[in-house]
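One structure is given here, and the rest of the page talks about it.
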Amino acid sequence: MGLSQRLWEAVLQLFHNFYIHILAVIAVRLLHKSRYTSYHLSSIYEWCNSQWWSLHSSLWSSDIAVHFIGTYFLTWGCYLVYNLPFVYCDLTGKPGWLLKYKTQDDKVIPMNPKDFVKVLKITLRNIFIVGPFFNLCAYPIFMRSGALNKQNLPSFEKAVFDIVVSNFCFETFFYYSHRLMHHPRLYKRFHKLHHEWTQPSSVESVYCCPTEMVVSNLIPLVIGPILMGSHITVFWVTMVNTLLMTTIQHCGYHLPFFESPEGHDYHHKYFNRVYGIWGILDSLHGTGIKGTLNGKRHYRLFSTTPVCVTYPKKVK
């Protein structure tokens with residue numbers, strides 16, 4: 001595939017991932033032109049701002065308390081909520097209807113309890129120890145960027161712009177750090193642990209060594225908000241969205257209306273493609289899965305018919 005074609009596919013992936021943000025900003029701009037809707041939008045903003053001030057006050061009006069405690073509980077809460085349904089299905093095989101959406105037909109359900117405990121120990125270490133420690137270390141950098149000193153909520157347009165930039169920064173730094181982890185000199189030492197499972201489960205999304213957790217997961221997450229001097233709530237939105245994405249990418253189920261996990265599922269099965277999350281840099285560098293069975297299945301499902309039925313695996 002030529003460079004011009006890869007560039008075009010990367011642009012299409014960029015638009016595919018961020019068009020909803022563009023439409024949202026246009027919609028708000030149009031609504032602001034109406035005196036009636038502008039008044040109500042302002043009222044909603046004022047209410048959200050008052051709730052933010054209440055939260056800030058409940059955390060002793062301390063930037064470090066907001067940064068550390070708020071981020072900590074939000075991370076743990078979202079990880080718990082996102083993973084519980086998939087963990088329940090992986091351990092019990094229920095509900096049965098969910099199993100038809102498996103990305104890999106030979107995925108073993110229910111999961112071996114010993115394997116689950118092994119994964120959970122390392123995952124909890126990363127969430128309860130590595131993540132909070134990194135968060136404390138990153139606090140001075142956030143302060144220097146001004147991210148925690150802006151106590152009023154940003155405008156909707158500013159928030160959306162920061163989220164888009166943050167997502168793009170995450171994709172960029174995650175792609176290259178992840179691809180670097182696959183270098184023969186680094187893979188065995190740092191990344192092999194994460195690839196123990198060729199049939200991933202959602203709980204394994206942060207199953208990795210501390211070095212990889214910091215270099216490939218945490219640093220790419222904070223670079224965008226720090227560069228943009230984003231409000232802490234914008235960082236939280238970015239983090240919540242990223243946690244959801246990585247959970248879906250590892251869950252092992254291609255569910256209706258959710259993002260497709262086929263790309264990252266292919267990566268866990270074969271290791272040599274799909275190093276990013278959004279697909280932009282994979283398209284640019286030719287490391288996508290176009291032309292494969294997973295590539296055909298890699299789209300957002302808007303029906304209850306599983307993709308494995310639409311695109312069945314060929315029997316040799």
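Structure notes:
- Comparing LEU281, LEU227, LEU186 in a Gaussian network model of the chain where C-alpha atoms under 10 Å apart are linked, the largest mean-square fluctuation is found at LEU186.
- Partner lysines whose Cα lies under 26 Å from the Cα of LYS192, excluding those fewer than 8 positions away in the same chain, are identified as LYS102, LYS107, LYS114, LYS118, LYS121, LYS269, LYS290.
- Set against the 2.2 N^0.38 Å expectation for a compact globular protein, segment 63-116 has a Cα radius of gyration ratio of 1.59.
- Dividing the helix sum by the residues of the chain, where each DSSP H run of 4 or more adds -39500 (n - 2.57), gives a mean residue ellipticity at 222 nm of -19000 deg cm²/dmol.
- Extension gain from HIS32 to PHE133, taking 0.36 nm per residue of separation minus the Cα-Cα distance: 32.1 nm
- Over 17 Å [Cα-Cα, segment 148-193], rounded percent: 55
- Accessible area of LEU7 (1.4 Å probe, protein heavy atoms only, ligands and nucleic acids ignored): about 80 Å².
- Working from Cα pairs under 8 Å separated by at least six residues, relative contact order for segment 112-261 is 34 percent.
- Between helix 131-145 and the chain: long-axis angle, C-alpha atoms, 0 to 90°, nearest 10: 40
- Sorted into 5 angstrom bins from 0, the C-alpha pair distances of segment 33-88 split as 4, 16, 13, 14, 13, 13, 12, 10, 3, 1 percent.
- Whole-Å distance, taken between Cα centres, linking segment 216-236 and segment 58-79: 15
- Note on the chain: Kirkwood radius taken over Cα pairs, Stokes-Einstein applied at 20 °C and 1.002 mPa s, translational D equal to 102 µm² s⁻¹.
- Helix axis angle, 113-125 relative to the chain longest principal axis, alpha carbon, degrees: 30
- Heavy-atom accessible area per residue - the chain, 1.4 Å, Å²: 53
- Efficiency of FRET between HIS182 and TRP53 - r from beta-carbon atoms, R0 45 angstrom, step 0.05: 0.45
- For the chain, the longest principal axis of the C-alpha atoms and the axis of helix 156-181 are separated by about 40°.
- Estimated Rh, segment 55-169: Kirkwood, alpha-carbon pairs, angstrom: 17.5
- Translational diffusion of segment 188-234, µm² s⁻¹ [Kirkwood Rh, Cα pairs; Stokes-Einstein; 37 °C; 0.692 mPa s]: 267
- Carbon plus sulfur fraction of accessible area for segment 105-222, probe 1.4 Å, in percent: 67
The values are calculated or read from the model by the stated rules, or taken from the named source; none is laboratory data. Keep in mind it's a predicted model, so treat the numbers as computed, not measured. Ideal geometry is used to build each Cβ from the backbone, glycine not excepted, and the neighbour counts take in all protein chains shown. Side chains included, ligands, DNA and RNA excluded: accessible areas come from the protein's heavy atoms. Shrake-Rupley method; radii C 1.70, N 1.55, O 1.52, S 1.80 Å.
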